[in-house]
1. Working only within the range 80-121, note down all residues that are in contact with an Asp or Glu (Cβ under 7 Å, 6 or more places away or on another chain) and of a type in the set (S, T, N, Q).
2. Looking only at residues in the range 88-112 that are surrounded by fewer than 22 Cβ atoms within 10 Å (Cβ to Cβ) and in contact (Cβ under 8 Å) with a residue 40 or more places away in the chain, which one is nearest to L3 (Cα to Cα)?
3. Give me a count of the residues in the range 79-113 that are within 19 Å of V9 (Cβ to Cβ) and in a helix (DSSP H, G or I).
4. Being under 14 Å from the mean Cα position of the chain (by Cα) and surrounded by fewer than 20 Cβ atoms within 10 Å (Cβ to Cβ) is the filter; apply it to the range 70-87 and report the residue that is nearest to T40 (Cα to Cα).
5. From (1) in contact with a strand residue (DSSP E or B) (Cβ under 6 Å, 6 or more places away or on another chain); (2) assigned to a helix (DSSP H, G or I); (3) crowded, with 19+ Cβ neighbours inside 10 Å, pick out the condition that doesn't hold for K131.
6. Quick check on my filter: what residues within the range 12-29 are surrounded by 14 or more Cβ atoms within 10 Å (Cβ to Cβ) and either modelled with pLDDT under 95 or part of a strand (DSSP E or B) (or both)?
7. Does V129 fit the bill of being within 20 Å of A147 (Cα to Cα), among the hydrophobic types (A, V, I, L, M, F, W, C) and in contact with a Ser or Thr (Cβ under 8 Å, 6 or more places away or on another chain)?
8. Consider the range 113-123. How many of its residues are over 12 Å from the mean Cα position of the chain (by Cα) and surrounded by 16 or more Cβ atoms within 10 Å (Cβ to Cβ)?
Amino acid sequence: MNLVTKENVNFNLNTTTKEETLKELASMAFKLGKVSDSDTFFKALCERETESTTGFGNGIAIPHARHACVKEAGILFVRCSNDIEWESLDGDPVNVCVCLIAPDDQNDFHLKTLSKFARKLMHEDFVDVLKNASEEDVLKSINEVIA
């Protein structure tokens, strides 16, 4: 997978619901050529949310999906300008999303990357970077996780 670049981030996503946020993430994935169909990927993200929440706590969610419509694995990062009700594990709203995009046949990428991010989210300094740091510092931190 390629490094996460400025094209993969939005530091001012103006959504008010989890569904709107997932729809925007699916649209970003489509515009970047990561998925062949925005609506199909949106449905895959929503379906994953019905299994269990991707809201890990501390205002951060890691929505993710593996699907045949995914052409290339990738990561998207957004900071929301609003707090989004996400049914997170800690009950708090979300304002940062790290979205994992994986082809149906790349379970290894999907699980390893999700595991790496989940472990890093236990560190307050990493959470602080995702929530408050500059674009440059966020990109650096995310790329260190996936390296």
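The values are calculated or read from the model by the stated rules, or taken from the named source; none is laboratory data. Please read all numbers here as calculations on a predicted model, not as lab measurements. Quick reminder, even Gly has a Cβ in these numbers, built from the backbone with ideal geometry, and neighbours come from all protein chains shown.
1. The one that is in contact with an Asp or Glu (Cβ under 7 Å, 6 or more places away or on another chain) and of a type in the set (S, T, N, Q): N95.
2. F109
3. So the answer is 1.
4. For the range 70-87, the residue satisfying everything is A73.
5. (3)
6. Residues of the range 12-29 that are surrounded by 14 or more Cβ atoms within 10 Å (Cβ to Cβ), as a first pass: 13, 15, 18-29.
Correct list: L13 only.
7. Numbers: within 20 Å of A147 (Cα to Cα): yes; among the hydrophobic types (A, V, I, L, M, F, W, C): yes; in contact with a Ser or Thr (Cβ under 8 Å, 6 or more places away or on another chain): yes.
Yes: the conditions hold for V129.
8. Total satisfying the criteria: 2.
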